[in-house]
1. Given (1) of a type in the set (S, T, N, Q); (2) more than 15 Å from the chain's Cα centre (by Cα); (3) within 11 Å of chain A (Cβ to nearest Cβ), where does B:T82 come up short, assuming only one miss?
2. Could you check segment B:1-105 for strands (runs of 3 or more DSSP E) lying wholly inside it with 3 or more residues that are crowded, with 18+ Cβ neighbours inside 10 Å?
3. From the residues in segment A:68-88 that are open to solvent by 50 Å² or more (accessible area, probe 1.4 Å) and charged (D, E, K, R), which one is nearest to the other protein chains (Cβ to nearest Cβ)?
4. Which count do you get for residues in segment A:26-54 that are more than 7 Å from every other protein chain (Cβ to nearest Cβ), in contact with a Ser or Thr (Cβ under 6 Å, 6 or more places away or on another chain) and not small (G, A, S)?
5. If I ask for residues that are of a type in the set (F, W, Y) and modelled with pLDDT of 90 or more, which ones from segment A:30-81 would you list?
6. What is the one condition in (1) more than 11 Å from every other protein chain (Cβ to nearest Cβ); (2) over 22 Å from A:T106 (Cβ atoms); (3) within 15 Å of the chain's Cα centre (by Cα) that B:K57 does not satisfy?
7. Which condition breaks for A:S92 when tested against (1) surrounded by fewer than 14 Cβ atoms within 10 Å (Cβ to Cβ); (2) part of a strand (DSSP E or B); (3) of a type outside the set (V, I, T)?
8. Residues in segment A:45-61: is at least one open to solvent by less than 30 Å² (accessible area, probe 1.4 Å) and in contact with an Asp or Glu (Cβ under 6 Å, 6 or more places away or on another chain)?
Amino acid sequence: GEDVEQSLFLSVREGDSSVINCTYTDSSSTYLYWYKQEPGAGLQLLTYIFSNMDMKQDQRLTVLLNKKDKHLSLRIADTQTGDSAIYFCAESIIGGYNKLIFGAGTRLAVHP
Amino acid sequence: DAGITQSPRYKITETGRQVTLMCHQTWSHSYMFWYRQDLGHGLRLIYYSAAADITDKGEVPDGYVVSRSKTENFPLTLESATRSQTSVYFCASNEGPNSPLHFGNGTRLTVT
């Protein structure tokens, strides 16, 4: 079946690194995405990785993909208060109808 | 400005009433989607559309109707609203398979 799981909550100190983890079940995933949702807003695409890559870096963001374990992580370096939000992992799977499967979201709280 | 806009942002309606949520995108994206976001469930797909006049059910379509007479518009209608349909509704669009979804800012619907 298709399922994406994330831990629901993460608390970090300002300036530290945050690591948000995600596991998925569908081995036919093509792209994996990270979205950010701030209060009262829609989901904003942060970054994505193609399934044949194992790492992607974009400024303070590093995405690691372990395809064997079906594990995806998002590392945010030098976490700031503006990074406080809900982060969603999503996988795009082959076949069907251009389908994205979302996790339930991880709420990141950044404290001084 | 280009983008995807939803209206209204907030709506309160009574049980049994019909209500329509609007979604408009300016990118000429082929695909459009309706999701609902509920605590503990993440995002669940209600309906999607691959092109004008082509629509299909997602995971939770019961109680909803959609239409897509023009590429840029994808309204979602609750024919007879129920309290279980109290939620935040997001419209999204993309160019096609394996391209990122772009989300609107959502409509918060309360059914009393």
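1. (3)
2. On the way: elements: B:4-7, B:10-13, B:19-25, B:31-38, B:42-51, B:54-57, B:64-66, B:76-78, B:87-94.
Here the list reads B:19-25, B:31-38, B:42-51, B:87-94.
3. Ranking the candidates gives A:K70 first.
4. We begin by selecting, within segment A:26-54, every residue more than 7 Å from every other protein chain (Cβ to nearest Cβ); these are A:26-29, A:32, A:34-40, A:44, A:46-47, A:49-54.
With in contact with a Ser or Thr (Cβ under 6 Å, 6 or more places away or on another chain) added as a condition, the list becomes A:29, A:34, A:51.
Right, trim to not small (G, A, S) and you get A:34.
Selection size over segment A:26-54: 1.
5. Pass one, segment A:30-81, residues of a type in the set (F, W, Y): A:31, A:33-35, A:48, A:50.
Of everything in segment A:30-81, those that are of a type in the set (F, W, Y) and modelled with pLDDT of 90 or more turn out to be A:Y33, A:W34, A:Y35, A:Y48.
6. So the condition that B:K57 fails would be (1).
7. If we test A:S92 against (1) surrounded by fewer than 14 Cβ atoms within 10 Å (Cβ to Cβ); (2) part of a strand (DSSP E or B); (3) of a type outside the set (V, I, T), just (1) comes out false.
8. Within segment A:45-61 (the criterion being open to solvent by less than 30 Å² (accessible area, probe 1.4 Å) and in contact with an Asp or Glu (Cβ under 6 Å, 6 or more places away or on another chain)), the answer is yes, since at least one residue qualifies.
The values are calculated or read from the model by the stated rules, or taken from the named source; none is laboratory data. As the structure is a prediction and not an experimental result, all values here were calculated from the model. Using ideal geometry, Cβ is built from the backbone for each residue, glycine included, and neighbour counts are taken over all protein chains shown. Just the protein is used for accessible areas: all its heavy atoms, side chains included, with ligands, DNA and RNA removed. Shrake-Rupley method; radii C 1.70, N 1.55, O 1.52, S 1.80 Å.
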